[in-house]
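The structure appears below as structure tokens.
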Amino acid sequence: MEVFVIKKAIIFLLLLLIILVTSGCEESKSNTINMVKEAELTDREDAILNTLSDKAFLFDFKVEDDYQGVTVWIEKYESGKFVNEIGSIGSSLKEKEGTIVFTTEKNPDEQNEGTYHIGIHTSGGVGTGTGNENFPDNVPNMSTTWGNIMDEGIPINEGELVLAGIGYSDKNSIYGFTTSFFENPESHMSDLEQYNVAYLLKVQFTKSNISEIDRE
């Protein structure tokens, strides 16, 4: 399994590089300072992502010079209650703009176990994280919904921001993630109670050194 995960990590890194190369490594598509937005993909980039991943989310960001670090992580919830953090990566912000990536894949040899990838790219380098998680995609009668911030984006501050969410529920009908959820997640955390399992992609930008970030 460890070898399999390493291979998946290599594939994800290649995927990330392909997306960024086909984008021409041009300036960030977000021209607004201190904003993070859904990345605008070409048809080719979208096809690559759909071929190599199950669910994929890409975001562009641009910050002022005084921001020094960024951390991205995934949180798992069950019936609205926080369970644990299943992945985290951080990067210094020598370059003030870049792209955040979150993808999931189903492993063909495991019924529910899948692979997740998170990445941070700037012109100064690429940081990635990969792991396994029992995503309930193949559980009978389980419905799936997902959502993310849209192209209008959300403003960056030194607090935690929610960029994307995936929810699984065995209820007959479930509601998707609303725009309000991403704009003010603290006031809408009760929305997660409708899901048996939910995953949130979070990010935090900091004006201090990345090692000084405290999310507790």
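The values are calculated or read from the model by the stated rules, or taken from the named source; none is laboratory data. In this text the structure is predicted, and so the values were computed from the model without any measurement. With ideal geometry, Cβ positions are generated from the backbone for all residues, glycine too; neighbour counts draw on all protein chains shown. Surface accessibility is based on the protein's heavy atoms, side chains included, excluding ligands, DNA and RNA. Shrake-Rupley method; radii C 1.70, N 1.55, O 1.52, S 1.80 Å.
Worth pointing out:
- Subset of region 154-181 (residues that are touching a residue at least 40 places away in the same chain (Cβ under 8 Å) and either assigned to a helix (DSSP H, G or I) or over 14 Å from the mean Cα position of the chain (by Cα) (or both)): 154, 155, 156, 157, 158, 159
- Out of 163, 201, 192, sole residue that is at pLDDT 95 or above and farther than 21 Å from residue 117 by Cβ: 192
- Tally of residues being more than 30 Å from residue 96 (Cα to Cα) and crowded, with 21+ Cβ neighbours inside 10 Å across region 174-196: 2
- Considering (1) under 16 Å from residue 79 (Cα atoms); (2) part of a helix (DSSP H, G or I), the lone condition that residue 137 does not fulfil carries the number (1).
- Conditions (1) touching a residue at least 60 places away in the same chain (Cβ under 8 Å); (2) farther than 19 Å from residue 205 by Cβ; number of the one not met by residue 149: (2)
- For region 135-159, the set of residues classified as at pLDDT 90 or above and open to solvent by 70 Å² or more (accessible area, probe 1.4 Å) consists of 146, 155, 157, listed by residue number.
- Strands (runs of 3 or more DSSP E) within region 51-125 that include 2 or more residues touching a Lys or Arg at 6+ places or on another chain (Cβ under 8 Å) and surrounded by 18 or more Cβ atoms within 10 Å (Cβ to Cβ): 55-62, 69-78, 97-106, 113-122
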